[in-house]
Amino acid sequence: MEKTLEGRLFQVWLILSAVTLVTWFLGVERRMANVQISAVVTYCALLLAVVKVRVIFVEFMEARRVSKTLLSLLDIWLLLLAAALMAIYALKLEMPPV
Amino acid sequence: MTTRTNALSEKQFGLWTFILSECVIFSAYFVIFMLYRMHDAEGFRSAQTQLSPAFGMLNTIVLLTSSWQIALSVQGARSGMHAAAARRAIITLGLGVVFILSKLTEWTRESRSGHTFGTNDFFSFYFFLTGIHLVHVFIGFAFIAAAIRNLRGDEASAESIEAAATYWHMVDFLWVVIFALLYVAG
């Protein structure tokens with residue numbers, strides 16, 4: 001196994017773990033914050049999740065290596081999901097009563 | 001990093017189609033969760049404070065570490081180091097067990113605090129999302145166990161562990177979104 005590749009995977013893991021710690025810290029802080037700060041934390045948490053998932057696609061799943069079309073499909077899914085979640089939050093859309 | 005391949009094999013195509021369909025199904029869960037959250041924002045915020053973000057964070061780190069280990073396993077198998085690749089895959093399984101034990105501990109803690117599936121909408125989603133995710137962890141175990149068997153056999157190849165790793169990474173990134181939604185976003 002190439003040492004450089006092994007080192008790169010370690011760096012990826014380190015970055016993902018560090019971002020997770022930042023996300024966790026935001027979650028802890030949000031509990032003591034007001035609604036406005038809570039909204040900022042929510043957007044940050046969602047954006048950080050998008051970054052982490054994208055890194056997993058490229059670095060761990062090697063989606064680009066498998067097929068560029070595949071990576072595009074995964075990117076489209078990720079962007080649509082993030083956009084939908086943020087739009088629901090921003091526009092205060094609700095589930096209609098069943 | 002490695003040479004690019006132009007076409008998906010039949011098996012790869014099937015696996016990726018499955019993964020993309022799982023993405024769509026989980027998207028529906030996440031969107032419905034968010035719609036319910038906005039219907040009762042205060043209720044969800046209040047219920048969410050009962051969860052321990054530390055559990056969510058530790059589970060995320062455990063899964064990310066397992067993803068890193070199985071990625072190393074794939075690289076080892078491609079280099080022909082099948083025994084080392086099998087060891088990395090076993091470490092991945094071990095971390096999966098740690099994730100399950102941590103999840104069961106968290107569920108027990110919540111149940112003892114009086115939070116069950118029927119307590120409120122937030123806890124219904126909490127048990128549903130973490131439960132359905134746990135089912136995928138168990139399916140991942142089957143994939144990895146089959147890959148370890150292949151790596152230890154006479155006709156070891158990288159194909160089996162590559163498929164197991166792809167599935168396991170999906171389990172990982174779905175948890176990343178669940179962590180953000182259940183434990184952090186408010």
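The values are calculated or read from the model by the stated rules, or taken from the named source; none is laboratory data. Since the structure is predicted, the reported quantities are computational estimates derived from the model, not experimental observations. We place every Cβ from the backbone using ideal geometry, glycine too, and count neighbours over all the protein chains shown. The accessibility values were calculated without ligands, DNA or RNA, using every heavy atom of the protein model including side chains. Shrake-Rupley method; radii C 1.70, N 1.55, O 1.52, S 1.80 Å.
So here's what we get for this one:
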quantity: Among the residues listed as A:63, A:33, A:45, A:18, the single one being open to solvent by less than 10 Å² (accessible area, probe 1.4 Å), of a type in the set (A, V, I, L, M) and more than 7 Å from chain B (Cβ to nearest Cβ); calculated: A:63
quantity: Contacts under 6 angstrom Cβ, first residue in the range B:48-74 being of a type in the set (Ser, Thr, Tyr), partner at pLDDT below 95 and not in a helix (DSSP H, G or I), 6 or more apart; calculated: B:49/A:31
quantity: Some residue of the range B:72-83 being of a type outside the set (A, V, I, L, M), under 18 Å from the mean Cα position of the chain (by Cα) and assigned to a helix (DSSP H, G or I); calculated: yes
quantity: Flag if residue B:67 is among the hydroxyl-bearing types (Ser, Thr, Tyr) and under 17 Å from residue B:137 (Cα atoms); calculated: yes
quantity: Candidate set from the range B:58-85 (those that are hydroxyl-bearing (Ser, Thr, Tyr) and within 9 Å of another protein chain (Cβ to nearest Cβ)); member that is surrounded by the fewest Cβ atoms within 10 Å (Cβ to Cβ); calculated: B:79
quantity: Where residue B:115 falls short, out of the listed (1) open to solvent by less than 50 Å² (accessible area, probe 1.4 Å); (2) assigned to a helix (DSSP H, G or I); calculated: (2)
quantity: Any chance residue B:125 is assigned to a helix (DSSP H, G or I), open to solvent by less than 40 Å² (accessible area, probe 1.4 Å) and more than 8 Å from chain A (Cβ to nearest Cβ); calculated: yes
quantity: One residue from B:55, B:30 being within 16 Å of the chain's Cα centre (by Cα) and more than 9 Å from chain A (Cβ to nearest Cβ); calculated: B:55
quantity: Conditions (1) in a helix (DSSP H, G or I); (2) closer than 25 Å to residue B:52 by Cα: number failed by residue B:162; calculated: (2)
quantity: Of all residues in the range B:129-159 being touching a residue at least 12 places away in the same chain (Cβ under 8 Å) and outside any helix (DSSP H, G or I), the one that is least open to solvent (accessible area, probe 1.4 Å); calculated: B:156
quantity: Every pair of residues 6+ apart whose Cβ atoms lie under 8 Å, when the first sits in the range B:107-126 and is closer than 20 Å to residue B:26 by Cβ and without any contact (Cβ under 8 Å) to a residue 12 or more places away in the chain while the second is assigned to a loop (DSSP other than H, G, I, E, B) and of a type in the set (Gly, Ala, Ser); calculated: B:124/B:118
quantity: Residue that is open to solvent by less than 10 Å² (accessible area, probe 1.4 Å) and facing chain B (nearest Cβ under 9 Å), where the choices are A:52, A:92; calculated: A:52
